[in-house]
């Protein structure tokens, strides 16, 4: 199995979002990416490909590196080797950190909902004989797809309308 390519994923997301610039979906004043120079460079490259270079500001916020004994997150701008020095007033950095953290929370919540929806829908929908009512019954009885997966064939067979062969088909689909 290959690991995810963060740069490719970022490029895809940026291409999708900024390829749809229109009056109904206007461009931002600032694009803040989660990451350092590499992520900022990806954003610049994607916007350049889309013909949007220079139309709005881009910045990256990278977490401090504790191993290097860094004390605060860093802000990167395009075509600049070193992070921006925000001075002694930490309010701007705090604001940018809060924006990044909220965007991250939103993305994680969305991904969890998608993953849960996909697991519940696709795993049980592949089983012939399990329709919406039986799926709802399984979820109500076991509470989660994880618990349905952990149930034995005998435990599944105890539910009304689920015989041994259907219970085996459910186990097979969820394994």
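The values are calculated or read from the model by the stated rules, or taken from the named source; none is laboratory data. Here the structure is a predicted model, which is why all the values come from computation and not from measurement. Note that each Cβ is placed from the backbone with ideal geometry, even for glycine, and that neighbours are counted across all protein chains shown.
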Revision key, fill the gap. Taking region 62-76 and keeping residues assigned to a loop (DSSP other than H, G, I, E, B) and either modelled with pLDDT under 85 or surrounded by 16 or more Cβ atoms within 10 Å (Cβ to Cβ) (or both) leaves 73
Revision key, fill the gap. How many residues of region 21-42 are in contact with a strand residue (DSSP E or B) (Cβ under 7 Å, 6 or more places away or on another chain), outside any loop (DSSP other than H, G, I, E, B) and loosely packed, with under 14 Cβ neighbours inside 10 Å? The answer is 1
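Residue-wise test of (1) in contact with a strand residue (DSSP E or B) (Cβ under 8 Å, 6 or more places away or on another chain); (2) closer than 19 Å to residue 10 by Cβ.
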residue	(1), (2)
64	yes, no
69	no, no
78	yes, yes
88	no, no
98	no, no
145	no, no
149	no, no
153	no, no
Practice item. Sort through 53, 103, 59, 45 and tell me the only one that's in a helix (DSSP H, G or I), in contact with a helix residue (DSSP H, G or I) (Cβ under 9 Å, 6 or more places away or on another chain) and either modelled with pLDDT of 90 or more or within 19 Å of residue 18 (Cα to Cα) (or both). Key: 45
